[in-house]
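The values are calculated or read from the model by the stated rules, or taken from the named source; none is laboratory data. Note that the structure is predicted; figures quoted are calculated from it, not measured. Here Cβ is always computed from backbone atoms with ideal geometry, including for glycine, and neighbour counts include all displayed protein chains. These accessible areas exclude ligands, DNA and RNA; they are computed on the full protein's heavy atoms, side chains included. Shrake-Rupley method; radii C 1.70, N 1.55, O 1.52, S 1.80 Å.
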Amino acid sequence: MSSSRHDQYREEVLGRANVADTPELVAYYERLESLGTAALWTVANKIEPWEPVPSSVPMLWRYDDLREDVLKALDLVTPEQAGRRVIYFDNPGRSDVSAAVGWLYSGLQVMGPGEVASSHRHSASALRFIMEGQGAFTNVDGHKMTLGANDFVLTPNGTWHEHGVAEDGTTCIWQDGLDIPLMNALEANFYEVHPDLSQAISYPVDDSTAKWASAGLKPAGENWSKPYSPLLKYEWAPTYEALSKLAKVSDGSAFDGILMDYINPQTGGPVMQTIGASMQMLRPGEKTKAHRQTGNFVYQCAKGSGHSIINGQRFDWKERDVFVVPAWLYHEHANASDSEDACLFAFHDLPVMRALGLYREEAFAENGGHQPILS
Ligand code: 1HN
């Protein structure tokens with residue numbers, strides 16, 4: 001056997017289960033099953049893959065295809081009936097757990113002027129990314145926040161939250177992101193409706209941004225100790241300004257262009273324990289190289305247009321389109337324009353990967369760092 005054949009043999013056969021069925025073994029497996037047991041070698045190769053094998057598939061949902069049907073829900077169900085009026089992203093590889101990718105859920109929520117969705121809380125951590133409309137607000141544990149397009153807002157696990165649109169507002173649509181599939185997988189999910197269905201506004205409106213969003217400053221003597229960011233809303237204008245300033249002084253990442261993480265200003269860490277988020281800018285004409293990571297990503301194009309190649313498949317996106325990158329699949333991004341920048345919002349489960357010591361990243365080594373397009 002040549003040495004490379006030998007390596008292959010060692011990899012594929014030695015140390016891997018390789019037991020052929022015989023009538024005697026089949027009878028033995030039946031006997032084990034009747035005892036509430038099974039032989040490890042019948043499942044070992046499946047439960048110990050060489051590397052992560054995502055069951056989610058890469059997907060893109062075009063906003064132009066969805067918007068009309070999302071708006072139609074306004075006439076079909078009330079927030080009182082539905083609890084939350086949301087059309088969710090159903091990944092064909094994850095329908096059983098209602099995930100958009102991995103253990104992350106995402107959907108589009110629509111509310112009309114004067115509507116309110118009642119207050120509740122749950123073990124799942126949640127976020128919103130505002131897509132369109134005027135006058136949306138959310139109240140998180142008594143902190144009322146006004147919301148505009150491309151604002152990013154947190155409703156951390158265990159916080160009471162309700163949303164609405166002002167009487168003089170317009171129909172609003174935002175993207176929700178939650179780790180409900182993860183909470184259900186861990187069988188740790190609790191859900192509670194507020195006893196009054198609504199909560200008081202206990203602080204000045206938008207106080208969390210007033211206190212915690214000032215560049216490099218925090219209120220003297222304030223020490224936030226909850227395990228999520230005290231800054232509950234990240235507005236678009238300062239986010240875009242931060243990216244534009246960074247682009248002037250940095251080459252950015254070969255894989256992501258100018259990428260900035262939304263952080264907890266108290267710790268510098270991710271915004272919540274289980275979900276992190278970022279905004280990235282692809283400069284005019286920018287084309288990144290491919291890499292893969294342990295972790296699942298949900299993207300929304302916040303500005304401009306371009307495409308991403310995920311596991312060899314090309315997905316073209318423009319403002320408000322949503323797409324997902326499953327764990328350990330190579331992905332690279334390109335801005336379609338030579339004159340305008342493009343921005344991608346993303347949320348992901350990297351805080352979980354990092355907390356559990358599972359984070360890994362690998363560059364695509366061949367072909368100058370770009371994947372061949374398979375379809
Ligand atoms: C939830 O609390 C919201 O607060 C939206 O708007 C979607 C999906 C499943 C479970 C809880 C919200 C949700 C959700």
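Here's the picture: charge each Lys and Arg Cβ at +1 and each Asp and Glu Cβ at -1 in the range 73-216, and of Ile173, Ile201, Asn91 the one pushed furthest to the positive end of that dipole is Asn91. If the viscosity is 1.567 mPa s and the temperature 4 °C, what Stokes-Einstein diffusion coefficient in µm²/s follows for the range 1-145 when Rh is the Kirkwood radius over Cα pairs? Estimated via Stokes-Einstein, D reaches 62 µm²/s.
Stokes-Einstein diffusion for the range 275-339, with the hydrodynamic radius set to the Kirkwood value over Cα pairs and evaluated at 37 °C in a medium of 0.692 mPa s, equals 271 µm²/s. Solvent exposure of the range 1-147 amounts to 57 Å² per residue of accessible area, where only protein heavy atoms count and the probe is 1.4 Å. Find, to one decimal place in angstroms, the Kirkwood hydrodynamic radius of the range 122-221, where the mean of 1/r is taken over every pair of different Cα atoms and then inverted. Averaging 1/r across every pair of different Cα atoms and inverting gives 14.9 Å. The value of relative contact order for the chain, using C-alpha pairs under 8 Å at least six residues apart, is 15 percent. When you restrict to C-alpha pairs under 8 Å that are six or more residues apart and normalise by the size of the range 17-100, the relative contact order lands at 23 percent. With distances taken between every two different alpha-carbon atoms, the range 199-240 has a Kirkwood hydrodynamic radius of 11.7 Å. Please report, as a whole percent, how much of the solvent-accessible surface of the range 311-375 comes from carbon and sulfur atoms (probe radius 1.4 Å). Solvent-exposed carbon and sulfur of the range 311-375 make up 49 percent of the total.
The convex hull built on the alpha-carbon positions of the range 52-104 has an orientation-averaged projected area of 4.4 nm². Each principal axis of the Cα cloud of the range 112-152 was taken in turn, and the coordinate range along them, longest first, works out to 28, 21, 16 Å. The radius of gyration of the Cα set in the chain, together with its Dmax, comes out at 23.3, 78 angstrom. Distance distribution P(r), the range 218-375, all Cα-Cα pairs, bin width 5 angstrom from 0: 2, 9, 17, 21, 20, 16, 9, 4, 2, 1, 0, 0 percent.
Using just its DSSP H runs of length 4 or more, each adding -39500 (n - 2.57), the chain gives a mean residue ellipticity at 222 nm of -5500 deg cm²/dmol after division by all residues. The GluC sites (Glu not before Pro) of the range 216-296 that DSSP puts in a loop, and whose beta carbon has at most 14 other beta carbons within 10 Å, are Glu222. Of all aspartates and glutamates in the structure, the ones whose alpha carbon falls short of 12 Å from that of Lys287, not counting any fewer than 8 places away in one chain, are Asp256, Glu332, Asp338, Asp341.
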